[in-house]
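Everything below concerns the one structure shown next.
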Amino acid sequence: MAAVARWWRAGLPGLLLLLLLLGARAEQTEEHLKREHSLSKPYQGVGSSSSSLWDLMGNAMVTTQYVRLTPDMQSKQGAVWNRVPCYLRDWEMQVHFKIHGQGKKNLNGDGFAIWYTKDRMQPGPVFGNKDHFLGLGVFVDTYPNEEKQQERVFPYISAMVNNGSLTYDHDRDGRPTELGGCTAMVRNLNHDTFLVIRYVKRRLTIMIDIDGKHEWRDCIDMPGVHLPRGYFFGTSSVTGDLSDNHDIISLKLYQLTVERSPEEEKRDKEVFLPIVDNMKLPGVEAPVEPMSGLALFLIVFFSLVALVFAIVIGVIVYNKWQEQSRKRFY
């Protein structure tokens with residue numbers, strides 16, 4: 001009420017500005033927590049109950065304060081996966097996590113990944129999950145494998161959309177197939193660290209809150225991302241010769257309600273294969289436009305003309321050859 005009174009004293013221009021602000025706020029995206037796709041304390045029944053919505057895999061373990069994907073030990077691998085496929089059109093996943101361990105800088109590894117994929121509970125070499133996956137992977141990579149590169153500082157967050165044909169290149173830290181990324185100093189911090197993945201109107205946005213200021217900072221913003229519905233959320237981690245504790249405190253999925261124009265409705269039609277506009281992905285060829293009837297007729301016509309011409313030339317050559325053969329005998 002005090003704010004309204006101040007705007008009223010400012011006169012008509014102030015009142016109009018207030019109405020515009022209220023209108024803009026009313027148009028903001030509405031959020032609804034989807035508990036069937038969320039993981040939070042006290043993690044009741046996770047990994048142990050048949051009625052739980054989440055499964056544990058590998059070395060992952062549950063405590064009262066977090067789900068630990070991997071301990072600070074060598075050669076460990078763990079994951080937690082949602083049992084319920086997600087059919088939301090627009091969504092936001094908020095990840096509260098903690099990475100910590102005894103290793104010094106660049107003597108720790110390897111990081112963890114958040115997944116939205118067709119297959120679940122499939123262990124493999126990509127941060128504990130299978131390669132050639134179908135869907136989205138967001139990687140919090142804490143160890144640089146590519147020794148020669150000097151362009152980026154680790155830990156580093158990146159994202160990848162895979163149509164099932166791509167290989168995650170460990171030796172180059174996934175650079176050939178990444179959509180974008182940012183440096184994120186997330187190890188051994190005394191404050192909470194968060195990552196948010198937002199998927200709205202075919203636009204993928206990733207932001208981080210890692211400075212203890214409760215402010216989101218942009219990391220990745222990529223339009224034209226097409227993800228099918230009915231995939232599963234999960235998170236996984238792996239350690240090798242180097243290690244860290246990789247803890248998930250919560251995963252909270254929100255359904256986003258946004259308005260679409262008729263053109264947006266037409267553009268955002270259902271897809272059955274993950275793909276990114278204007279990005280060449282191996283294994284997916286650009287669709288070939290069908291030929292028109294006239295083009296097909298011309299191709300057939302000139303092919304027949306060429307065939308007849310070849311036959312005529314062949315007959316002439318054959319007759320000449322026979323004539324010369326007879327002359328040799330006489």
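The values are calculated or read from the model by the stated rules, or taken from the named source; none is laboratory data. None of these values were measured; they are calculated from a predicted model. All Cβ positions, even for glycine, are placed from backbone atoms using ideal geometry, and neighbour counts span all protein chains on display. Protein only, heavy atoms only, side chains kept; ligands, DNA and RNA dropped before computing areas. Shrake-Rupley method; radii C 1.70, N 1.55, O 1.52, S 1.80 Å.
Are any residues in the stretch 162-181 not in a helix (DSSP H, G or I) and not aliphatic (A, V, I, L, M), and if so, which ones?
Matches in the stretch 162-181: Asn162, Asn163, Gly164, Ser165, Thr167, Tyr168, Asp169, Asp173, Gly174, Glu178, Gly180, Gly181.
Let me spell it out: the conditions are (1) open to solvent by less than 60 Å² (accessible area, probe 1.4 Å); (2) more than 25 Å from Glu270 (Cβ to Cβ), and Leu107 meets all of them except one. Which number is the exception?
(1)
So Ala159 clears everything in (1) touching a Leu at 6+ places or on another chain (Cβ under 9 Å); (2) in a loop (DSSP other than H, G, I, E, B) except one condition, right? Which one?
(2)
Of all the residues that make up the stretch 100-134, how many are over 17 Å from Ala159 (Cβ atoms) and out of contact with any Gly (no Cβ under 7 Å at 6 or more places or on another chain)?
Qualifying residue count for the region: 13.
Filter the stretch 213-229 down to the residues that are open to solvent by 20 Å² or more (accessible area, probe 1.4 Å), of a type outside the set (Asp, Glu) and in a loop (DSSP other than H, G, I, E, B), then identify the one that is farthest from Tyr199 (Cα to Cα).
The qualifying residue farthest from Tyr199 (Cα to Cα) is Lys213.
Can you tell me which condition Thr117 does not meet? The list is (1) buried (at least 18 other Cβ atoms within 10 Å of the Cβ); (2) touching a helix residue (DSSP H, G or I) at 6+ places or on another chain (Cβ under 7 Å); (3) among the β-branched types (Val, Ile, Thr), and all the others hold.
The one condition Thr117 does not meet is (2).
Got a sec? Which strands (runs of 3 or more DSSP E) wholly within the stretch 51-133 have at least 2 residues that are more than 17 Å from the chain's Cα centre (by Cα), under 13 Å from Val238 (Cβ atoms) and modelled with pLDDT of 95 or more?
Result: 54-58, 67-70, 77-82.
Within the stretch 134-146, track down each residue that is modelled with pLDDT of 95 or more and acidic (Asp, Glu).
If the condition is that a residue be modelled with pLDDT of 95 or more and acidic (Asp, Glu), then Asp141 is the only one that fits.
For the stretch 70-103, which positions are open to solvent by 20 Å² or more (accessible area, probe 1.4 Å) and under 23 Å from Gly135 (Cα atoms)?
Within the stretch 70-103, Gln77, Arg83, Val84, Pro85, Tyr87, Leu88, Arg89, Gln94, His96 qualify.
With Glu36, Glu31 as the choices, which residue is among the charged types (D, E, K, R), part of a strand (DSSP E or B), touching a Leu at 6+ places or on another chain (Cβ under 8 Å) and open to solvent by 40 Å² or more (accessible area, probe 1.4 Å)? Spell out the reasoning first.
Working: Glu36 fails: part of a strand (DSSP E or B).
One residue alone meets the criteria, Glu31.
Filter the stretch 287-330 down to residues that are within 44 Å of the chain's Cα centre (by Cα) and open to solvent by less than 80 Å² (accessible area, probe 1.4 Å) and give me whichever is modelled with the lowest pLDDT. It would help to see each step written out before you state the result.
Taking the stretch 287-330 first, the residues within 44 Å of the chain's Cα centre (by Cα) are 287-296, 299.
Then drop every residue that is not open to solvent by less than 80 Å² (accessible area, probe 1.4 Å), which leaves 292-293, 295.
Working: Ser292: 61, Gly293: 69, Ala295: 72.
That would be Ser292.
For Ile248, are the conditions met, namely being β-branched (Val, Ile, Thr), on the phi < 0 side of the Ramachandran plot and at pLDDT 90 or above?
Yes: the conditions hold for Ile248.
Is the stretch 163-172 home to any residue that is under 13 Å from the mean Cα position of the chain (by Cα) and under 24 Å from Arg152 (Cα atoms)?
Yes, because at least one residue in the stretch 163-172 is under 13 Å from the mean Cα position of the chain (by Cα) and under 24 Å from Arg152 (Cα atoms).
Any residue at all in the stretch 176-199 that is open to solvent by 50 Å² or more (accessible area, probe 1.4 Å), touching a strand residue (DSSP E or B) at 6+ places or on another chain (Cβ under 6 Å), under 22 Å from Asn278 (Cβ atoms) and not hydroxyl-bearing (Ser, Thr, Tyr)?
Yes, there is a match, as at least one residue in the stretch 176-199 is open to solvent by 50 Å² or more (accessible area, probe 1.4 Å), touching a strand residue (DSSP E or B) at 6+ places or on another chain (Cβ under 6 Å), under 22 Å from Asn278 (Cβ atoms) and not hydroxyl-bearing (Ser, Thr, Tyr).
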